[in-house]
Every structure is written in C-alpha cells, then in structure tokens.
Amino acid sequence: MQVLIAIASLGIFCLVAEIFNLRKIMVPVSVLGLLAILGLTLNFWTFSDTFDEQYISMIASTDFSKAFISLFIILTIFILVMSEEFYKEHPTKFSDFIAIKLFLLTGAVAMVSFTNLSMFFLGIEILSIALYVLAASNRQNVRSNEAGMKYFLMGAFASGIILFGICLIYGATGYFDMVEIQALSEGVGVPVWFPIGIALMIIGMLFKVAAVPFHFWAPDVYEGSPTITTATMSTLVKVVAFAALYKLLDGLLTTISPKVQITIVVISILSMTVGNVMALRQKNVKRMLAFSGISHAGFMLMALLTMPTAAENLLYYAFAYALAGIAAFAVIIHVTTDNENELIEKFNGLGKTNPLMAAILTGALLSMAGIPIFSGFFAKFMLFTDTIQTGFIVVVIAAVINSIISIGYYFKLILAMYTKGETAEKHSTSLLYTIVAVLAISLNIIIGIYPSIVLNLL
C-alpha cells in the first residue's frame, strides 16, 4: 500500500510543481522518487510488510506483485526520461503528461497487488483513463484524436464487460474477496453465472492485451497515438494486463479446466499467426510493432498453459519483451521526432548516419525475434520447454513457425538501416534517448546471460 501512496504522491507533486513553475525538476525528482520506491519494494523481500496487513482484504504484497511492480517502475523511469525530451515543445502541458504517467503506474500497481475484485477494477480504470488522455493528447493531429476516441470506446466496452463479469461473480458468491471466491468455487452447486462471470472477465482482459479476435483496435491506436504513448502501451500496459490476467486466473480458479486450456491454445495460435502475417504487410513502423505486439500476446498466453511455472515464464518474458520494446521505441522516437512519418523507408541508411542507434534497434528487434544472446531467445526457450512438458506440442510447433515468420518483418527494418540508400536525416542525437536505449538493451542482454537475476525475484 505504501508503494501506491508514494507513487500517487509523486503524481500530485508534479501537479503542484506546475503552480510554482518547477517544470525543470519534475522528471529528476520523479525518477529519484521511483528509484527510492524500487528500493523500498525490493527491500520487502527480506523484511515483513506489516503495513500492508492492514489492507489485506483489498491489497497484499506478494513475491509476484513485487517482481512485476519492480518491472513497472523500471519501465516508467525509462518512459519519464524520454518524455522530458519528447514534450519539450509542449511546456504548458508537461506537468500534466508526467503526472498522468505516474497515475497510470498507480493503476498498474493496483492491478497486480489486488486481493479484492473492486480494487482490481479501480486499478484498471485508473490505468485506462490515463491512457485515453495520452492517446488523444496531440489535439492538433487527426490521427491522435481518432486513436483516443477509438481507444476510449473499445476500452470502455472492455471495462463494461469486466464489470459485468464481476457483478455475476458477486451475485454467485456474495463476495468480492478473491480468497472467499476461490474457496466457494471449489464447492458443489455454484450457480451457472459464476463461470459466465469468469468468462466475461477473461474476454475483457483479452481486449486489453489485444489478443485475437479482440485485437482490431490496436493497430489504429498504436499508429495514431503520440509515439511516446505507443511505447507506453506496447511495453508497460501490455505486461500489466498480462500480469493481471494471470493473477485473475490463479486467484479465481483452483485448476484450469481442459476447455479453458483448449481456448487458450486456440487464441494463442491465432494471435501469433494473425499478428505475424499482418506485420509482414506493414510499411509503418508503429503499425508493424502493433501487430508484433499482438503476436507476442500469443506467446505470453502460452505461459498460462504451464501453471506450475507460469509466473516465472511470464515474468521473464515480460522483462525481455518490455526492455527490447523500450530500446526500439527510443530509437524510433529519435528518428521520427521531427515529423509524423514513421514509414520504414525513414530508417534507410541509419546504420551510416547513426551507427549506435541502428545497432541498438537491431539488437532490440533480434531480441523480439528470439535470437541469442538476447533475453528474448531464452524467454522463448524456457516457455517452449515448459509447454512441451505439459503436453501442448502443437502450440509450440506453431510458436516456432511464427518465430521464423517474425524474422521476415524484423529484418525488413534491419536491412533498410544497413543496405538502403541514406534517407535517414543526420541530426543530433538526443542524449536522453541514447541513455535510455543503451541502458534498456544492456539490461536485456544482461538478463539473457544471467536469467537468475529475474527468476530469483519469485
């Protein structure tokens, strides 16, 4: 709970700092505050968190929640650092954007720490409202307005479906508390609307993670939103949604039935296949990464099939994917910062005009494709191994084929940087983007070489 309070306090500080014209210290203070909160979170692995015991009916600190909160804080720090450069032309709105991102993080923490469905819904609404604003934040851009409206409508429908599911579960059990609900679900004579409520909640969350067939909003929203918002959606928000989905399934169901497993297999294969096939056709980098995110949603759904080790697989995959995504978007923002052209041809010759950023983007894409020595390879290897052991060989075969397909569109961008004529503009590289890109890809490689750094968090 103290983590929630501390992050929300940082957001309030940013709003108050605007009154006193303290914009220059907002990001440094926020980053230092988040680093302190990260240390506080990690510290509680060895010291008991007695403060949270007062809120055990609403929120609780577990190894799972602390591990994912640590990831969320790291990603938010990277996003805030990039935001200082990205929003420099909008000084009057700067404090709003920074505060909104911190409030978004507050919602993310609630979504992985909840022990009560009402707290879960509160967290998802805080996160969603923040994203609606950020997606439509470029008011003079028609694409941004369209993205914000589409995301608001689809997000509102998804939230409504989740709320309906919560109502049905409450009607069937009389509780919002996860422990009580799970205990009652094991009994005989549970009303028929209990599984219907769970199904509706899962469907709503599949909207949030952009899994097929609930993915149709993602490409347009990713393309139209400001690039820093797209980076937030693609990394932080996606892993938050998957962590919450896992916690819901683990908290509401004692065992995952064969019917649910088959459904997960079908949606996983469809997400991987549709995402990769559609990504091959894209010329816009942000739209390509949107479909890439849909395919990665399919991979992360595979983790739900390996429930004994699902938390470890999901956490490691989330670290690998999110860090690669941050590194990639740091380069993309650098290249496209002066205009709204995010076409692949914009990156032609980047290997000559800016070798460092080209190398980082190459590394990030190779990690997403699952190429050694990057952590993306080890994430997929661990996931495939555990999935085979559970007997779902079909989904692993589909995943391997789709991993090969993904190399096609990732290398399309890599080849553009190194083999095409120079169309990438030669302008000074922002120090902040460079720092974020270097740190993100370095962390990606480090956890690939030493996966125990992440796995020991659970």
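The values are calculated or read from the model by the stated rules, or taken from the named source; none is laboratory data. Since this is a predicted model, take the numbers as computed values, not measurements. Using ideal geometry, Cβ is built from the backbone for each residue, glycine included, and neighbour counts are taken over all protein chains shown.
Some observations on this one:
- Residues located in the stretch 355-394, provided they are farther than 30 Å from THR336 by Cα, among the aromatic types (Phe, Trp, Tyr) and assigned to a helix (DSSP H, G or I): PHE378, PHE381, PHE384
- Selection count, the stretch 272-313, where residues are outside any helix (DSSP H, G or I) and touching a Ser or Thr at 6+ places or on another chain (Cβ under 6 Å): 1
- Summed over the stretch 243-260, residues that are over 22 Å from the mean Cα position of the chain (by Cα), within 24 Å of VAL396 (Cα to Cα) and crowded, with 17+ Cβ neighbours inside 10 Å total 1.
- Single match in VAL240, VAL221, VAL212 (criterion: buried (at least 19 other Cβ atoms within 10 Å of the Cβ), in contact with a helix residue (DSSP H, G or I) (Cβ under 9 Å, 6 or more places away or on another chain), over 20 Å from ALA310 (Cβ atoms) and modelled with pLDDT of 90 or more): VAL221
- In the stretch 168-178, the residues that are touching a residue at least 12 places away in the same chain (Cβ under 8 Å) and surrounded by 14 or more Cβ atoms within 10 Å (Cβ to Cβ): LEU168, ILE169, TYR170, ALA172, THR173, PHE176, ASP177, MET178
- In the stretch 115-128, the count of residues that are surrounded by 23 or more Cβ atoms within 10 Å (Cβ to Cβ), part of a strand (DSSP E or B) and among the aromatic types (Phe, Trp, Tyr) is zero.
- Among the criteria (1) touching a strand residue (DSSP E or B) at 6+ places or on another chain (Cβ under 7 Å); (2) crowded, with 24+ Cβ neighbours inside 10 Å; (3) among the hydrophobic types (A, V, I, L, M, F, W, C), the one ILE326 does not fulfil is (1).
- Given (1) buried (at least 17 other Cβ atoms within 10 Å of the Cβ); (2) touching a Leu at 6+ places or on another chain (Cβ under 8 Å), number of the condition GLY408 does not satisfy: (1)
- Filtering ASN284, ASN276 for residues that are farther than 13 Å from VAL395 by Cβ, crowded, with 24+ Cβ neighbours inside 10 Å and among the polar types (S, T, N, Q) leaves a single hit, ASN276.
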